[in-house]
Amino acid sequence: MFQINDTVVASDIIEENFLCDLSVCKGECCVEGDSGAPLEDEEVKIIEDLLPQVWDDLSPAAQTVIKEQGVAYKDTDGDMVTSIVNGKDCVFTYYDDKGICKCAIEKAYREGRVDFYKPISCHLYPIRLQKYRDFTAVNYHRWRVCKAAVLLGNKEGLKIYQFLKEPLVRRFGEDWYKELSLVAEEYNKVKSDK
């Protein structure tokens, strides 16, 4: 574990390899799981406000769920998460012509219809954040649905923190990421000297 400012970063973030392989997993992380994607408090309002811009990209079943319970709910752990359809798909999923599950919010962002990329928990995955009173834990969430990403990451030699540079900078800032990169360099240097 490494401390950077008010975060504690698990060492596997700089040790383990990872590179999403959507052609293999088909975006299963947006479908499988016990509940929807974790949301920051301010993200619920942001998503509610952009809903008209993504509405037509959502499935009729997702639209019904949103009409009945809204874009988010509190799960059994008391965390705010995106609403889900039939106990599986996030309400903001859609499927492309190759059957790959994707995010309607991200699609709208890429098309210039909204200025919010997608929930930070989705952008950061497989990193999960856990907030404590004095710090935020930055952990690697291992999940069987990401086996292809681990294999591709190993093949390409891409570490988790390198793969997730953009969302890590989005969440913690450039200076934090530079510090993490320095820590990773030092850590790997010491490890290779042994």
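Read-outs: derived from the displayed coordinates by stated rules, not from any lab. Predicted model only: the values in this text are computed from it and were never measured. Counting neighbours? That spans all protein chains shown, and the Cβs are built from the backbone with ideal geometry, glycine included.
Taking a quarter of the surface of the Cα convex hull of segment 26-117 gives a mean projected area of 5.7 nm².
Among the listed options [x] 16.2, 47; [y] 17.5, 59; [z] 16.6, 52, the one matching Rg and Dmax of the Cα atoms in Å as calculated from these coordinates is [y]. Computed from the Cβ-Cβ distance with R0 of 30 Å, the FRET efficiency linking Ile100 to Leu182 stands at 0.25. FRET efficiency for the Ser11 to Glu40 pair, using the beta carbon distance and R₀ = 22 Å, is estimated at 0.30. In this simple spin-label model, placing a label point 7 Å from the Cα along the Cα-to-Cβ direction at both Glu156 and Glu111 gives a separation of 2.6 nm. For the pair Lys67 and Tyr132, label points projected 7 Å from Cα toward Cβ lie 4.6 nm apart. Using the Cβ-Cβ distance between Ser59 and Asp79 with R0 set to 22 Å, the FRET efficiency from 1/(1 + (r/R0)^6) comes to roughly 0.35.
Phi angles of segment 147-158 translate, via the Karplus equation with coefficients 6.51, -1.76, 1.60 and θ = phi - 60°, into HN-Hα couplings of 4, 4, 5, 5, 4, 5, x, 5, 4, 8, x, 9 Hz per residue; Gly and Pro are given as x.
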